[in-house]
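Read through the structure below, which is laid out as structure tokens, and then see the notes.
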Amino acid sequence: MPKISKWLLSIVASLLVFASIAVIVITTLIDPNDYKSDIEAVANENSIQLSIKGDITWQFFPRLGIAIEQVNFADDYFHSGSVGQMIVTADWLLLLNGKIDLANIPVDSVTISQGTFRYAKPDLLPIQLDDVALSVDNFSLSGSNFDFSASAEVLNGLPLAINTTLAIKVNDQKITQVKATDLRLQADQIIVTGNVNADLEALEIVGNISSPSI
């Protein structure tokens, strides 16, 4: 038994050494800040004005990804917006596989904090969301469940929040079904809970919602 224990400890120690070397190599050889202009150019090609003012750094724990700070953007939907910090972790198996499309976006999780989104149209009153926070975990567009939560303030301090388990299905590069279970919406003291299943192909929405606060 002592020999087996020493052997296992040696394997663990070796793996830690290799992992440390890999981290050092990645952070030394690849500086994600070198790709700021490329990211902004890709966004511009998709009609999004993007400006990254802060640093882009590697995120190693609990999952491998990147952290981006001080992002400003604008497009046809949000007249302007900013994010204090965004952390994105990737599904590296999908990246290595190379087959990337709408149904196989290689994103595992997204966390946004200190966000401000302003929606403005000429024929509508502008709506601004402040102190926006968002979390998506185990993201998928194949119909599998993933966790989604978001919170914000509107109208000078009115708190909004949503927590749910989402399942989104994509077929032929189009979203065909959206299912929200254990849905909880909150606007100040008003709380709405329930489950919703939207079939976008059949244009049918079924489910149940209730509000104990109304």
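Brief remarks on what is shown
- Karplus-based coupling profile of region 178-191, in residue order and whole Hz: 10, 10, 10, 10, 6, 6, 9, 10, 9, 10, 6, 8, 8, 10, with θ = phi - 60° in 6.51 cos²θ - 1.76 cosθ + 1.60 and x standing for Gly or Pro.
- Filter on LYS121/LYS169; LYS53/LYS169; LYS121/LYS179 - keep pairs with C-alpha separation over 32 Å: LYS53/LYS169
- Residue by residue, region 53-58 carries 3J(HN,Hα) couplings of 8, x, 8, 10, 10, 6 Hz when phi is fed to the Karplus relation 6.51 cos²θ - 1.76 cosθ + 1.60 (θ = phi - 60°); x denotes Gly or Pro.
- The Cα-based radius of gyration and maximum Cα-Cα distance (Dmax) for region 128-195 are 13.7, 42 Å.
Values quoted throughout were computed directly from the atomic coordinates according to the rules given, and no laboratory measurement underlies them. Predicted, not measured: the structure shown is a model, and the values here were computed from it.
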